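The values are calculated or read from the model by the stated rules, or taken from the named source; none is laboratory data. Please read all numbers here as calculations on a predicted model, not as lab measurements. Cβ coordinates were reconstructed from backbone atoms using ideal geometry, including for glycine residues, and neighbour counts include every protein chain displayed. Just so you know, the surface numbers come from the protein's heavy atoms only, side chains and all, with ligands and any DNA or RNA stripped out. Shrake-Rupley method; radii C 1.70, N 1.55, O 1.52, S 1.80 Å.
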Amino acid sequence: MLGDAARSFIEAQLLCDAHLSFILIQATLDGHPVPDTQRRLKALLADALGRARRPFNAQKGTRVAGHTLPHSVLYRGYVLLMLAGMERAGLADAESTALFDALAAQLVEALSRQLLLPSFGRTIWPCDSAPAAAGLLLHGRLRGNADSRAAGERLVARLLELADLPTGFPAKVDAKGRLVEPTQRGTTLAWTGAFLGMAAHPAARRFTATLVDGYCDHPAGSALPLAACREWPRGVKGPEDSASGPLVFGGYSLGASALAIAATRLSGEHGQWHLHLLNAAREMGIRDIVEQPGKRPLEASLHGWGTTVRPW
């Protein structure tokens with residue numbers, strides 16, 4: 001991240017593929033399609049189904065509509081959302097629709113056996129179920145599938161149960177739902193609020209409001225329209241990691257702040273926070289990244305998504 005090899009983000013290729021596809025979908029839905037959008041979307045999907053699988057231990061995956069897909073709920077949720085976007089914008093073809101249906105059915109079946117699925121190996125980050133929940137809700141809506149819709153709602157309900165714990169929404173749990181890393185974090189709240197917001201689910205508000213109320217500040221004082229979000233609860237000095245990204249100015253997280261741009265844009269109640277987060281991003285040099293996206297593709301695609309995303 002930010003050109004620092006010490007801050008690796010192994011799922012970056014998948015996120016770049018997916019978030020760029022989300023940007024293209026939204027441009028189409030807003031009436032400003034990029035030329036040759038369908039071809040570009042199919043190329044991004046092919047990349048997600050190819051080299052972007054590697055960090056997710058694809059050799060132990062499952063065959064789905066002719067593709068070997070990793071078991072990771074993060075991977076499957078992202079691909080499902082890419083397919084949902086194509087369907088939503090009227091840019092799907094027979095092959096992508098078949099994969100959309102098959103992947104949704106596979107996730108429904110997997111969630112019937114274990115509601116919270118791992119992201120990597122056996123590690124379960126509850127927030128990583130949010131893209132899958134959104135994808136299932138959208139599949140249910142776009143394809144008229146009651147099973148997908150019900151599975152998506154069950155998954156959202158489980159995330160809300162975890163958010164109701166006295167310690168807040170945990171970073172990690174085990175397969176039985178027991179807490180592994182109980183501390184609530186800004187990145188996980190922003191991530192969950194943003195993805196549930198993409199599916200227009202009312203639960204998104206819970207996560208985004210908790211983020212804004214407990215983790216976001218005006219570091220330069222309330223008189224200046226500059227906002228940033230902490231990774232750790234106020235008063236807690238936690239370390240930075242690949243999820244938080246760099247921590248600056250006493251604990252403000254680049255990851256939480258970047259994802260909060262999307263979460264607050266999708267919220268009808270936090271428009272001013274969205275603008276103030278954008279102001280801070282400009283002050284921190286996001287313009288240079290956006291103008292040369294090939295140098296920092298992950299950061300550029302996340303920013304592009306955060307500034308254009310709308311509920312699907």
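If you go through the range 185-215, how many residues are open to solvent by less than 30 Å² (accessible area, probe 1.4 Å) and either over 16 Å from ARG265 (Cβ atoms) or hydrophobic (A, V, I, L, M, F, W, C) (or both)?
Within the range 185-215, residues that are open to solvent by less than 30 Å² (accessible area, probe 1.4 Å) and either over 16 Å from ARG265 (Cβ atoms) or hydrophobic (A, V, I, L, M, F, W, C) (or both) number 20.
Is it fair to say ALA146 is more than 19 Å from TYR75 (Cβ to Cβ), out of contact with any Phe, Trp or Tyr (no Cβ under 7 Å at 6 or more places or on another chain) and of a type outside the set (Lys, Arg)? Spell out how you get there, then give the answer.
Numbers: more than 19 Å from TYR75 (Cβ to Cβ): yes; out of contact with any Phe, Trp or Tyr (no Cβ under 7 Å at 6 or more places or on another chain): yes; of a type outside the set (Lys, Arg): yes.
Answer is yes for this residue.
What number of residues within the range 243-257 satisfy the criterion of being within 12 Å of the chain's Cα centre (by Cα) and buried (at least 24 other Cβ atoms within 10 Å of the Cβ)?
Of the residues in the range 243-257, 2 are within 12 Å of the chain's Cα centre (by Cα) and buried (at least 24 other Cβ atoms within 10 Å of the Cβ).
Looking at the range 217-237, which of its residues are part of a loop (DSSP other than H, G, I, E, B), within 13 Å of LEU254 (Cα to Cα) and open to solvent by 30 Å² or more (accessible area, probe 1.4 Å)?
TRP232, the sole residue that qualifies.
Which one is surrounded by the fewest Cβ atoms within 10 Å (Cβ to Cβ) among residues in the range 271-312 that are modelled with pLDDT under 95 and part of a loop (DSSP other than H, G, I, E, B)?
Ranking the qualifying residues of the range 271-312, first place goes to GLY294.
Looking at SER112, SER148, SER129, SER96 in this structure, which one is closer than 21 Å to SER244 by Cα, of a type in the set (S, T, N, Q) and not in a strand (DSSP E or B)?
Sole residue among the options that is closer than 21 Å to SER244 by Cα, of a type in the set (S, T, N, Q) and not in a strand (DSSP E or B): SER129.
Would you check if PHE169 is among the hydrophobic types (A, V, I, L, M, F, W, C), at pLDDT below 95 and over 27 Å from ALA92 (Cβ atoms)?
no
Taking the stated definitions as given, is VAL180 out of contact with any His (no Cβ under 6 Å at 6 or more places or on another chain), more than 23 Å from HIS19 (Cβ to Cβ) and part of a strand (DSSP E or B)?
Spelling it out, VAL180 is indeed out of contact with any His (no Cβ under 6 Å at 6 or more places or on another chain), more than 23 Å from HIS19 (Cβ to Cβ) and part of a strand (DSSP E or B).
Starting from the range 16-31, keep only residues that are part of a helix (DSSP H, G or I), then list their pairs with residues that are of a type in the set (S, T, N, Q) whose Cβ atoms are within a distance under 6 Å, requiring at least 6 positions of separation or different chains.
As it stands, the answer is CYS16/SER301; HIS19/SER301; LEU20/SER301; ILE23/THR308; LEU24/THR37; GLN26/THR308; THR28/THR37, since those pairs meet every condition given.
Tell me, yes or no, whether the range 116-130 has at least one residue that is open to solvent by 60 Å² or more (accessible area, probe 1.4 Å) and among the small types (Gly, Ala, Ser). Give the steps one after another, and end with the answer.
In the first step, residues of the range 116-130 are kept if they are open to solvent by 60 Å² or more (accessible area, probe 1.4 Å); the result is 121-122.
Those still in the list that are among the small types (Gly, Ala, Ser) too: 121.
Yes, the range 116-130 contains a residue that is open to solvent by 60 Å² or more (accessible area, probe 1.4 Å) and among the small types (Gly, Ala, Ser).
Do you know which residues across the range 81-93 are open to solvent by 30 Å² or more (accessible area, probe 1.4 Å) and part of a helix (DSSP H, G or I)?
Correct list: GLU87, ARG88.
Of the residues in the range 43-69, how many are of a type outside the set (Gly, Ala, Ser), part of a helix (DSSP H, G or I) and surrounded by fewer than 16 Cβ atoms within 10 Å (Cβ to Cβ)?
4
Would you point out which residue out of ARG113, ARG158, ARG149 is open to solvent by 40 Å² or more (accessible area, probe 1.4 Å) and in contact (Cβ under 8 Å) with a residue 24 or more places away in the chain?
ARG158
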